[in-house]
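Asks: Okay, handing you the structure first.
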Amino acid sequence: MGHPLTSGRLALGTASAAFQIEGASDRDGRGESIWDVFCRRPGAIRDGGDGVRACESYDRLDDDVALVAGLGAQWYRFSIAWPRVVPEGTGRVEARGLDYYDRLVDALLAAGVQPTATLYHWDLPQPLEDAGGWLSRDTAVAFAEYGALVHARLGDRVRLWASHNEPWCAAYLGYAAGVHAPGRREGGRAHVAAHHLNLGHGLLRQALPDAVGLGIVHNLAPVWAEGEESRDVADRVDAIRNRVWLDPLVDGAYDDVLLDVAPVLADPAVVRDGDLELIRGSADWLGVNYYTPVRPAASAAGGAARPAHTEGEAYPGAGELDLVVREPRTDIGWEIDASGLEELLVETHRRTGLPLVVTENGAACADDAIDADGVVDDQDRIAYLRDHLAATRRAVEAGADVRGYLVWTLMDNFEWAEGYTKTFGLVRVDRGHDELPRVPKASYRWFAEEIARSTDGQG
Ligand code: FCB
């Protein structure tokens, strides 16, 4: 059986990630992850939230699969928590962790939904962080071993695999800006983490059978310079946001602009002989997560006048810059521009030649309140999704080979540094009630109708 990308149609579905929904963080032998530890750091999470309960999906597998099925979703993208399966990161395998994902996969298949598994959605086992985290080459080796053993268990039923989710966030928000776990501010060393994430993907490809449909999910972004004087800084931002991932994959190289920004990537002790060859051609498909464009502006303020912490720190070596955010914006402050998705898909397909999947797209909205009739009338989210789905279809017409579009996310969940303050779900999770009731929003019904129309061939 081939992987589902061979279907040639735009599959619709939704996505989630282990740490954001599972809870049960100390159950069934699960080890600790860098996000468990980071959440305990005072001030790290906006509302002081954590993943101890999250949405309790670990205990409500059947309810949540029923929500996916009720949508009529063709695909459901979930992630596997590395510390549930290999609690110390290497060595001992926890059978109960694997059993959980086994049950999840079977439940999805029984409901007629294709499971899509992401192996790394940011929850690195803490013992590996203690040994250097993604700054250590050993983490890449451990990742490939972990991935291969998960595949050995689920690969007979899961046809579509992703190695990493948004390694840009793992490397640069985690090790440069310090706003995501592990919360380190190592400046240009973060480029080493990026290389090791690339290497981990390449090593995993080598460890899996050839026939496996293995992809990688990036939050690539259209990078739009704010005026002529920002062209150079925008090019450097583009190198750190997009090219650091796509160039090794396509060309087996890091480009000159990137090497200038990140001299450490020219160090043969970091990028060793054979690494780039291993990474080249190592993906069968590419996941694109899109929310917003990136608009760099050469900073007028100059170093000393700038606040100590700026988003520019997530682009180490790019120089002084501001990231301009235009209106309109979603509730998380991200600019809304669906044309960015169309441009990104067309350009990324041209650049890579790979089949693409929009593995995440969605919006945090302020109109998520529940009214007196128990209804969540989230028209802002519906408008956002409708426009972005239309942009995806335009990209397909323009020649981009896009095979899937997955809404982020099934239900309101733990939104990383924002805690529970930002909601992206098609389903509301009512945190005011101890039982965390699930309430499908208007957007859930809209998307269910959209899926029904598209599978009827009328869409
Ligand atoms: C992406 C993450 C996902 C979710 C959305 C809003 O960066 O992959 O887990 O938090 O943003």
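Asks: Which numbered condition in (1) over 16 Å from V68 (Cβ atoms); (2) modelled with pLDDT of 95 or more is the only one that T409 fails?
Replies: Going through (1) over 16 Å from V68 (Cβ atoms); (2) modelled with pLDDT of 95 or more one by one, T409 breaks only (1).
Asks: Give, as residue ranges, the helices (runs of 4 or more DSSP H) completely inside region 70-182 that count at least 1 residues that are of a type in the set (S, T, N, Q) and more than 26 Å from L246 (Cβ to Cβ).
Replies: 126-130
Asks: Still on this structure: What's the number of the condition D210 fails, among (1) modelled with pLDDT of 95 or more; (2) surrounded by fewer than 23 Cβ atoms within 10 Å (Cβ to Cβ)?
Replies: (1)
Asks: Could you go through region 33-53 and let me know if any residue there is farther than 21 Å from W134 by Cα, β-branched (V, I, T), away from the ligand (no atom under 16 Å from the Cβ) and assigned to a helix (DSSP H, G or I).
Replies: No, region 33-53 has no match at all.
Asks: Out of the residues in region 316-334 that are in contact with a strand residue (DSSP E or B) (Cβ under 7 Å, 6 or more places away or on another chain) and β-branched (V, I, T), state the one that is farthest from the ligand (Cβ to nearest atom).
Replies: Among them, the one singled out is V324.
Asks: Then there's this: Could we say that V65 is more than 24 Å from E166 (Cβ to Cβ), part of a helix (DSSP H, G or I) and more than 16 Å from the ligand (Cβ to nearest atom) here?
Replies: Yes; evaluated as a whole, the condition is true for this residue.
Asks: Right, next: Considering each of H201, H196 in turn, give the residue that is buried (at least 21 other Cβ atoms within 10 Å of the Cβ), touching a Ser or Thr at 6+ places or on another chain (Cβ under 9 Å) and farther than 30 Å from R46 by Cα.
Replies: Within the list H201, H196, the selection yields H201.
Asks: In addition: Tell me yes or no: at least one residue of region 100-115 is within 16 Å of the ligand (Cβ to nearest atom) and either under 26 Å from L258 (Cβ atoms) or surrounded by 23 or more Cβ atoms within 10 Å (Cβ to Cβ) (or both).
Replies: Checked region 100-115: no residue is within 16 Å of the ligand (Cβ to nearest atom) and either under 26 Å from L258 (Cβ atoms) or surrounded by 23 or more Cβ atoms within 10 Å (Cβ to Cβ) (or both).
Asks: Would you confirm whether any residue within region 396-410 is touching a Pro at 6+ places or on another chain (Cβ under 7 Å) and more than 20 Å from T330 (Cα to Cα)?
Replies: yes
The values are calculated or read from the model by the stated rules, or taken from the named source; none is laboratory data. The structure presented is a predicted model; accordingly, all values stated were derived computationally and were not measured. Cβ sites come from the backbone with ideal geometry, for glycine too, and all protein chains shown count toward neighbours.
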